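Since the structure comes first, as structure tokens, the remarks are kept for the end.
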Amino acid sequence: MSQSDVTRGGIEGRRRDREARVWESGGRRRRGEQLMVPKAEFSSYYGRPIIKKPVWAERDIAGYLFTGGIAAGSAVIGAGADLSDRPALRHVARLGSLAALGISGIALAHDLGVPSRFHHMLRVAKPTSPMSVGTWILTAFGLPTGLAAAAELPGLLPPFLRGLVSDLSRPAGIASALVAPGVATYTAVLLADTSVPSWHEAWPELPFVFAGSALSGSAGLALALTPSAETGPVRRLAVLGSALELAASQRIEHRLGLLGEPYKEGKAGKKMRLARKLTLAGAVTAAVLGRRSRVAAVASGAALFAASALTRFAIFEAGVASTEDPKYVVVPQRERLQRRTSVTPS
């Protein structure tokens, strides 16, 4: 075929549109040009992640999430033990709360790199920022927690302070218990406020998972370190926290659909499944055998404590995994677009 064979009306000697093929678009069949490009699939440039994964160190931040929850739950237990005259339980809970808060602060400062950054965040109060609100919550929690715990170690105090600290220990313990729910759950809000898909879409359930995990983990610590005669309320608290955590985490996996996959697969999935088994076993053992057997109480407490840690690490890893695969960003975006375009304006 030479150049002269091609005219403005097509190829000379052939009927116009004879070589056109049938193709589909929008569910209707048309006649037109041949579709040369295959249907697009979700992807990203060279398979690289679409959004950046969190730069937080897992050991620091997941540990910070866990120990912060233990500190909050132990503060609640300590206040209850003080009001119900359970001195051994109060002693364990108050010191446990202070120790967990200290470890949590060290982990946070290590991740920040420069400890003074925490101090700098106190220069402003921004209600729309979970980080700013969380900083002030931790500050309001730390002072009464330290004061209540100091009353449990009078030998370390100067003589002129012992009486004052003893008098203030109960109000301080109650104050820390009142702030504790914020300490246990603000980190869930902090995660959900990011662009990480599997964290962001789980915003309704994450606070309940964190609250339940804080209660069950701190109850486990108290069960393991306190004589069984004083742990009656703690055993009930362990069952309550475990039920809340299990129900909320199961809802995340089922409601989120595709974005629930990171909670069920890979390293995060293994940790989450083990955490559920330990939580269930610890709660049942505490409820059935916790009072009768000291060995059972310690075992159930250790299981609940470990399960709480595994839950926080699993949630952290699931969020990171959801940023590494483009489908967790692209597919939900397209589904939302389809839902919007399918709505016919009235």
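Coordinate-derived values only; no laboratory data. Just so you know, these numbers come straight off a predicted model, no measurement behind them. Glycine gets a Cβ as well: all are built from the backbone with ideal geometry, and neighbour counts include every protein chain shown.
Extension gain, residue 109 to residue 281, is 58.5 nm, computed as 0.36 nm per intervening residue step minus the present C-alpha separation. The length gained on full extension between residue 162 and residue 123, counted as 0.36 nm times the residue separation minus their Cα-Cα distance, comes to 10.7 nm. Its alpha carbons give segment 101-150 an Rg and a Dmax of 11.5, 34 Å. Compute the whole-percent fraction of alpha carbon pairs in segment 48-162 spaced more than 21 Å apart. Here the tail beyond 21 Å accounts for 48 percent of pairs.
Taking 0.36 nm per residue of separation and subtracting the Cα-Cα distance, full extension of the segment from residue 298 to residue 58 would add 83.6 nm.
Once you keep just the Cα pairs under 8 angstrom separated by 6 or more residues, what percentage relative contact order results for segment 256-346?
Over segment 256-346, the number comes to 32 percent.
Take the Cα pairs of segment 54-314, get the Kirkwood Rh, then feed it into Stokes-Einstein at 10 °C and 1.306 mPa s and tell me D in µm²/s. Value of D from the Cα-based Kirkwood radius: 86 µm²/s. Computed from the C-beta positions of residue 342 and residue 131 and an R0 of 41 Å, the FRET efficiency is 0.65 to the nearest 0.05.
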